[in-house]
Amino acid sequence: MSIVINQLVNGLQSGSIYALVALGYSMVYGIILLLNFAHGDIIMVGAYAAWMCMVNFQCHPIVSMIIAIVTSMVLGVVIEKVAYTPLRSAPRLSLLITAIGISFLLENGFQLIFGAGAKTVPSMITGSDIVLGGVHLSFPAVVTIVVSLIAMGVLTFLVQKTRLGKAMRAVSEDMGAAQLMGISLNKTISFTFAMGSALAGIASVLYLCSYPQATPTMGSMLGLKAFVAAVLGGIGSIPGAMIGGFLIGIVEALVSAVGLTVWRDGVVFAILIVVLLVKPTGILGKPVQEKV
Amino acid sequence: METILKVDQINVYYGAIHAIKDISFEVCQGEVVTLIGANGAGKSTTLNTVSGLLRSKTGSVTFLGEPIDKLSPHKIVSRKLAQVPEGRRVFLRMSVEENLEMGAYTMPSSGVAQDLEMVFELFPRLKERRRQVAGTLSGGEQQMLAMGRAMMSHPKLLMLDEPSMGLAPLLVEQIFEIIQNLNQKGVTILLVEQNAQMALSVAHRGYVLETGRIITTGTGEELIKSPEIKKAYLGG
């Protein structure tokens, strides 16, 4: 029994990281119909920022975490301003190719600067195992799940209740009508990228708690799996991204639990194929309406 | 009367298509002015150019004495010029109240509650449905929501694009009553319509568009009586 619970907690731990990253994919897709394939690499940059703070500047772990999150957030907004804003009225394919280009630029740029080897990040969150009814839960796992849930709660509040959050929903539903309300596209889109990238920064810090290494390509597999999670949940849907993330995490943990660890990635991408074949709109996605 | 909107010699293109050709017109304080014409005549294109969603290659658009043709759409709204777009375009996944709040996006939040009451007074139906998602409203209710949403920004000029589109005759009459009612409350109105009969019956003045040009203009009564207009737009 305790093995099952442990695996479930592992699944929730990686699932909450996928969910945080998937939220960024989904929000950006919702607002400018872009699959932002550079999103995973923002996690990588966040991880390097944490590593530099901890190792080079000997910052306090909390300061390092905040700097990692802020760096991710700023990077996301800068990428949007530099690379995506000029293409706002261009075909979506040009935008997608640009996103892939940014991803390559970041991965290879960081490899050039820091080398291909892994940088070990000293642990930022430490604590002893938590024992609940005879089950040992690792401290980082509990922190990861709790922090993710809080972040998702804050995000939901921002999107549902605040002025900018409502503007974001309005823009994602109808860009033209939103402008006629006096909503500034530039501000709202920047806000969306800032939130999505901050969540990626939080994901980065939480990831480092359990896998304390930064490499130039660490964001690519994580990003792709989060992308699968976003599609599974219904791309463009915020609760969908959360559900998709947790489901992917749990599936991975279960596949490992039955001894098929080598098949873990394969199963995740098989889910993508099945979703695209059977229900392309995902669990909570809405069918795209053709405007007449 | 004081001119509040002056459109001077605008030319708008969709790629190679020349959609608006040298259009000029004016709207004065307190008027209801209508642009009528067949499908594809350039009526909506004209409104979208005034509101900044489209750009003219030439000429100018002046509102309350200041040029607005270089401003982005959200800046134009804050100058008190609101547009109810064609097809209503309410935010279907947001509640009625949230839609109205979006309409007040350029306003200080302190006045929103009071303005909500103002709109609910104009459209009591919306008050009953304030928590409902806009997608569940009927076509007529969505049109009321779109108009109420635009009123939330206290426009000096309200531009309405085909408010009667797709509505039952009774509802069309109701919508036109509301338009007259708003006008009596001091809102200047620029109305685009395919339903020329209805539009001319409420308008002080009208402009007739055909394939991107203004072909004639006059008071509402003159245009209704004009034999050409009768033949072309009013069914004999």
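For segment A:76-88, the criterion of a residue being closer than 17 Å to A:A151 by Cβ and surrounded by 17 or more Cβ atoms within 10 Å (Cβ to Cβ) is satisfied by at least one position. Among the residues making up segment B:126-145, those that are part of a helix (DSSP H, G or I), away from every other protein chain (no Cβ under 13 Å) and either among the polar types (S, T, N, Q) or closer than 15 Å to B:P85 by Cβ (or both) are B:T136, B:G139, B:Q143, B:M144.
For segment A:191-206, does any single residue satisfy the condition of being within 14 Å of chain B (Cβ to nearest Cβ) and touching a helix residue (DSSP H, G or I) at 6+ places or on another chain (Cβ under 7 Å)?
Our first condition is that a residue be within 14 Å of chain B (Cβ to nearest Cβ); within segment A:191-206, this holds for A:191.
From what is left, the residues that are touching a helix residue (DSSP H, G or I) at 6+ places or on another chain (Cβ under 7 Å) are A:191.
Yes, the conditions are met somewhere in segment A:191-206.
Among the residues of segment B:108-125, the ones that are over 26 Å from B:E177 (Cβ atoms) and either in a helix (DSSP H, G or I) or within 22 Å of the chain's Cα centre (by Cα) (or both) come to 5 in all.
Against the criterion of being of a type in the set (G, A, S) and assigned to a helix (DSSP H, G or I), B:G148 qualifies.
Quick check, is B:V27 under 27 Å from B:L209 (Cβ atoms) and either more than 14 Å from chain A (Cβ to nearest Cβ) or among the charged types (D, E, K, R) (or both)?
Details: under 27 Å from B:L209 (Cβ atoms): yes; either more than 14 Å from chain A (Cβ to nearest Cβ) or among the charged types (D, E, K, R) (or both): yes.
Answer is yes for this residue.
For segment A:172-182, a residue qualifies if it is more than 7 Å from chain B (Cβ to nearest Cβ) and modelled with pLDDT under 95, and the qualifying residues are A:S172, A:M175.
Every condition in (1) surrounded by 16 or more Cβ atoms within 10 Å (Cβ to Cβ); (2) under 18 Å from the mean Cα position of the chain (by Cα); (3) part of a loop (DSSP other than H, G, I, E, B) holds for B:Y105 except the one numbered (2). Return a yes/no flag: does segment B:43-58 have any residue that is over 26 Å from B:I179 (Cα atoms) and out of contact with any helix residue (DSSP H, G or I) (no Cβ under 8 Å at 6 or more places or on another chain). Yes, some residue in segment B:43-58 is over 26 Å from B:I179 (Cα atoms) and out of contact with any helix residue (DSSP H, G or I) (no Cβ under 8 Å at 6 or more places or on another chain).
In the condition set (1) more than 14 Å from every other protein chain (Cβ to nearest Cβ); (2) crowded, with 22+ Cβ neighbours inside 10 Å; (3) among the polar types (S, T, N, Q), B:T49 is compliant with all but (1).
Restricting attention to segment B:102-122, does a residue exist that is within 11 Å of another protein chain (Cβ to nearest Cβ), over 30 Å from B:A38 (Cα atoms) and free of Cβ contacts under 8 Å to residues at least 12 places away in the same chain?
Taking segment B:102-122 and keeping what is within 11 Å of another protein chain (Cβ to nearest Cβ), we get B:102-107, B:109, B:112.
Within this subset, residues satisfying the condition of being over 30 Å from B:A38 (Cα atoms) are B:102, B:104-107, B:109, B:112.
Next cut, free of Cβ contacts under 8 Å to residues at least 12 places away in the same chain only: B:109.
For segment B:102-122, residues within 11 Å of another protein chain (Cβ to nearest Cβ), over 30 Å from B:A38 (Cα atoms) and free of Cβ contacts under 8 Å to residues at least 12 places away in the same chain: present.
Among the residues of segment B:64-90, write down those that are at the interface with another protein chain (Cβ under 7 Å from one of its Cβ atoms), in a helix (DSSP H, G or I) and surrounded by 20 or more Cβ atoms within 10 Å (Cβ to Cβ).
Of all residues in segment B:64-90, those at the interface with another protein chain (Cβ under 7 Å from one of its Cβ atoms) come to B:73-74, B:77-78, B:83, B:85, B:89.
Then drop every residue that is not in a helix (DSSP H, G or I), which leaves B:73-74, B:77-78.
Residues satisfying the conditions are B:P73, B:H74, B:V77.
Could you tell me whether segment A:49-60 includes any residue that is more than 21 Å from A:P216 (Cβ to Cβ) and either at pLDDT 90 or above or of a type in the set (S, T, Y) (or both)?
So the first thing to find is which residues in segment A:49-60 are more than 21 Å from A:P216 (Cβ to Cβ), and the list is A:58-60.
Now narrow it down to the ones that are either at pLDDT 90 or above or of a type in the set (S, T, Y) (or both): A:60.
Checked against the condition, which is being more than 21 Å from A:P216 (Cβ to Cβ) and either at pLDDT 90 or above or of a type in the set (S, T, Y) (or both), segment A:49-60 yields at least one hit.
Of the set (1) of a type in the set (S, T, Y); (2) without any contact (Cβ under 8 Å) to a residue 12 or more places away in the chain; (3) closer than 21 Å to A:V9 by Cα, all apply to A:T162 but (3). When you check B:E97 against the structure, is it modelled with pLDDT of 95 or more, at the interface with chain A (Cβ under 8 Å from one of its Cβ atoms) and over 18 Å from the mean Cα position of the chain (by Cα), yes or no? So B:E97 does not fit the description; no.
Any residue that is β-branched (V, I, T) and touching a residue at least 60 places away in the same chain (Cβ under 8 Å) - is there at least one of those in segment A:172-187? Quick ask: steps written out before the conclusion?
The initial filter retains those residues of segment A:172-187 that are β-branched (V, I, T), namely A:183.
Then keep just the ones that are touching a residue at least 60 places away in the same chain (Cβ under 8 Å); that gives none.
Within segment A:172-187 (the criterion being β-branched (V, I, T) and touching a residue at least 60 places away in the same chain (Cβ under 8 Å)), the answer is no, since none of the residues qualifies.
Going by the structure shown, is A:S89 part of a loop (DSSP other than H, G, I, E, B) and either closer than 27 Å to A:S26 by Cβ or out of contact with any Leu (no Cβ under 8 Å at 6 or more places or on another chain) (or both)? Yes; evaluated as a whole, the condition is true for this residue.
Say we look at segment B:12-63 and pick out the residues that are hydrophobic (A, V, I, L, M, F, W, C) and part of a helix (DSSP H, G or I); which of these is nearest to A:G182 (Cα to Cα)?
So in segment B:12-63, the residues hydrophobic (A, V, I, L, M, F, W, C) come out as B:12, B:16-17, B:19-20, B:23, B:25, B:27-28, B:32-33, B:35-36, B:38, B:41, B:47, B:50, B:53-54, B:61, B:63.
Adding the requirement that they be part of a helix (DSSP H, G or I) leaves B:47, B:50.
Numbers: B:L47: 16, B:V50: 14 Å.
Here the residue is B:V50.
Residue-by-condition table, conditions (1) surrounded by 14 or more Cβ atoms within 10 Å (Cβ to Cβ); (2) under 23 Å from A:V78 (Cβ atoms); (3) under 19 Å from the mean Cα position of the chain (by Cα):
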position: A:F110; (1), (2), (3): yes, yes, no
position: A:G115; (1), (2), (3): no, no, no
position: A:T126; (1), (2), (3): no, no, no
position: A:V131; (1), (2), (3): no, no, no
position: A:G134; (1), (2), (3): no, no, no
position: A:S138; (1), (2), (3): yes, no, no
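The values are calculated or read from the model by the stated rules, or taken from the named source; none is laboratory data. Keep in mind it's a predicted model, so treat the numbers as computed, not measured. Note: ideal-geometry Cβ built from the backbone for every residue, glycine included; neighbour counts use all protein chains shown.
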